[in-house]
Amino acid sequence: MTRRRFYRFLKYLFLFIAALLSLFPLVWMAVSATNASVDVVTGRLLPGKHLIENYRKLSQQANVKLAMVNSFRNSIVATFASLVVCSIAGYGFEIYHDKGKDFLMRLLLLSMMIPFAAIMIPLFMMVGKFGLLNTTTAFVLPTISTAFLIFLFRQSARYFPSEIIEAARLEGMSELGIFFGMYVPIMRSTYATAGIITFMNAWNNYLWPLIIMQSKDSIVMPILISNLIAGYVTDYGVVMLGVTLSVLPTIIIFLLLQNSFAEGILSSMK
């Protein structure tokens, strides 16, 4: 074996070990969902025969269907609203460029340093004052516009050909027509990247729904899973099944859009 082949072997061996370590928690989670609680505690790594029993117990302890529907509704609405608002904002910051907008963009980026816990109480008071508790509107409002997504779309708009915009204006197209008819189709990969990030953040959001979703009918998956481990006795097989059901949508969406995700990240970093 030549030195070049040996180095290549070491590289692929390292990548294989890294991939194995990354996937192991997911595999163990899925396997644990088929085992009894005692088997999960003892660290059993082989699939068991308790999947149906765990699902029956999970259905008895919590309304999984309602939590899934609520999580999907909240996440989809939050994703759609955030993509529309942040893409228009990022496009405007770059295409209609001036020093004032640069200063405002710096302020937006500085806002990323403020933890959500610092603005949580004012947000809750505002939502409660307007009677929006237990609603999708309350869930969406804090995430409808984020500095990171605005910056992501601004970076992508920076590489949008200005010649296309000028030619479209000469042809008499409106600014909204240029945005929705030309910018949006070309920036599909950026939208896919932003959509994945926003959907995953909204789906996994725990603290904000815990505060504003105060009725049983508005429960979401992170709160449901938290409730499974809040009792005196925890059935870890049921908990692992709940976690598995919770992560499946995000895994499926990421696998479907992973190529566009990588392309969108690379295009924004040029």
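Taken together, the values in this text are just the output of simple stated rules run on the coordinates, not laboratory data. Everything numeric in this text was worked out from a predicted model, so none of it was measured. For neighbour counting, all protein chains shown are included, and Cβ atoms are generated from backbone atoms with ideal geometry for every residue, glycine included.
Go ahead and estimate [θ] at 222 nm for the chain from helices alone: -39,500 (n - 2.57) per DSSP H run with n ≥ 4, summed, over the residue count, rounded to 500.
Calculated at 222 nm, the ellipticity per residue is -24000 deg cm²/dmol.
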Region 18-90, relative contact order [Cα under 8 Å, separation at least 6], %: 20
Pairwise label distance in nanometres, Phe180 with Thr137, each label 7 Å out on the Cα-Cβ vector: 2.3
Nearest-20 debye value, region 33-268 charge dipole, Cβ charges on Lys, Arg, Asp, Glu: 560
For region 211-216, 3J(HN,Hα) per residue [Karplus equation, 6.51 cos²θ - 1.76 cosθ + 1.60, θ = phi - 60°, Hz, x = Gly/Pro]: 7, 9, 8, 9, 10, 5
Cα gyration tensor shape for region 37-93, rounded if a/c is under 1.5, else prolate or oblate: prolate
Sorted by Cβ density within 10 Å, fewest first, the residues Met68, Met240: Met68, Met240
Relative contact order (%) - region 33-268, alpha-carbon pairs under 8 angstrom, separation at least six: 35
Top of Ser59, Ser82, Ser162 by mean-square fluctuation, Gaussian network on the chain, Cα under 10 Å: Ser162
Residue of Leu170, Leu83, Leu45 that the Gaussian network model of the chain assigns the largest fluctuation, springs spanning Cα pairs under 10 Å: Leu170
Computed Rg/Rh of the chain, alpha carbon atoms with Kirkwood Rh: 1.06
With Cα atoms, 0 to 90° folded angle of helix 116-129 axis to the chain main axis: 80
Derived scalar couplings ³J(HN,Hα) [region 201-208; Karplus, 6.51 cos²θ - 1.76 cosθ + 1.60; whole Hz; x for Gly, Pro]: 5, 5, 5, 8, 5, 10, 5, 5
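Run the numbers on region 78-173 and let me know its relative contact order in percent, using alpha-carbon pairs under 8 Å that are six or more apart.
56
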Reachable aspartates and glutamates from Lys57, criterion Cα separation under 13 angstrom, eight or more residues apart if same chain: Asp235
